[in-house]
Amino acid sequence: MWDAEAPAFDEEPDHGLHDPVVRDAWRSLLRSLLPPIPSRVADLGCGTGSLSLLLAEDAHRVDGVDFSAEMVRRAQAKAGTFPGVTFAIGDASAPALPAATYDVVLCRHVLWALPSPATALSRWVDLLVPDGRMILVEGSWSTGAGLTGAETVALVEGAGLEATLQPLPDEAYWGGRIDDERYVVVGRRRA
């Protein structure tokens, strides 16, 4: 299904980040959430790599993983020879990435669609260095799909992390007005 979606995927303002206002909003948000540069980031369910490239432009080292071969192909084409970013075909819920090596696990609009979000989160926690953080951008959409902020917080806490919820209602992130719940949850190991 996602291979078929790939050609039009970047047409959504928050996917392609072509609009400078939307791009700047995401850059600002991510800068406020990520540790100091350079950090190592696993972008799980990276799609066409827009967020991966945004982070790589800030000198973070990013490994993007997506199940769709066509999404990965488009991400690689977008990245070209840009340094510090790689893309691989793989299962975002069980990525073939080295344990305890990532400062950040980033996932946008994927957790809700996984068959077992709790299992995926426990695997993702294993990717993190001891002071690493998980950044999950999710939503509960007007279509009835998705996860509420409270559900995502509960899942993150169930994985053994402290969770902080930040609503993202500003249309600058989405390229227009939204009528559903969109947010980011940041998970960190308990002190």
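Placing unit charges on each Cβ (+1 for Lys and Arg, -1 for Asp and Glu) gives the range 1-94 a dipole about its Cα centre, and among Thr48, Pro38, Ile89 the Cα reaching farthest toward its positive end belongs to Pro38.
Sequence gap at least 6, Cα distance under 8 Å: using those rules, report the relative contact order of the range 115-177 to the nearest whole percent. Working shown, then result.
Numbers: 33 pairs, mean separation 17.5, N = 63.
Computed over the range 115-177, the figure is 28 percent.
Each Lys or Arg adds one and each Asp or Glu takes one away; over the other residues whose Cβ falls under 12 Å from the Cβ of Leu128, this sums to +2. Over the residues of the chain, the helix contribution to mean residue ellipticity at 222 nm works out to -10000 deg cm²/dmol, using -39500 (n - 2.57) for each DSSP H run of at least 4.
Taking the number of Cβ atoms within 10 Å of each Cβ as an exposure proxy, the fewest-first ranking of Tyr102, Tyr183 is Tyr183, Tyr102. Its Cα centre serving as origin, the range 2-189 has a Cβ charge dipole (Lys and Arg +1, Asp and Glu -1) of approximately 580 debye.
Find the all-direction average of the projected area of the Cα convex hull for the chain, expressing the result in square nanometres with one decimal place. Walk me through the numbers on the way to the answer.
On the way: hull surface 39.0 nm².
Orientation-averaged projected area of the Cα hull: 9.7 nm².
What is the local net charge at Leu34, summed over the other residues whose Cβ is closer than 12 Å to its Cβ (Lys, Arg +1; Asp, Glu -1)? My count for the surroundings of Leu34 gives +2.
If each residue of separation counts as 0.36 nm, what is the full-extension length gain between Glu57 and Leu165 once their alpha-carbon separation is subtracted?
Working: separation 108, 0.36 × 108 = 38.88 nm, distance 2.61 nm.
Taking Glu57 through Leu165 to full extension adds about 36.3 nm, to one decimal.
Let me have the relative contact order for the chain, percent, based on Cα pairs under 8 Å that are six or more residues apart.
Answer for the chain is 19 percent.
Using the average count of surrounding beta-carbon atoms within 10 Å as a protection proxy, the listed peptides 84-93, 25-34, 62-71 rank, highest first, as 62-71, 84-93, 25-34.
Taking N as the number of residues in the range 92-191, what is its alpha-carbon radius of gyration divided by 2.2 N^0.38 Å?
In units of the globular-protein estimate, the range 92-191 measures up at 1.06.
Can you sort Asp170, Asp14, Asp19 from fewest to most other Cβ atoms within 10 Å of each residue's own Cβ? If you can, show how the numbers build up before the last one.
Working: Asp170 11, Asp14 23, Asp19 14.
Going from sparsest to densest Cβ surroundings: Asp170, Asp19, Asp14.
Read the figures in this text as sums done on the coordinates, not as results from a lab. Every value quoted in this text rests on a predicted model; they were computed, and no experiment measured them. All Cβ positions, even for glycine, are placed from backbone atoms using ideal geometry, and neighbour counts span all protein chains on display.
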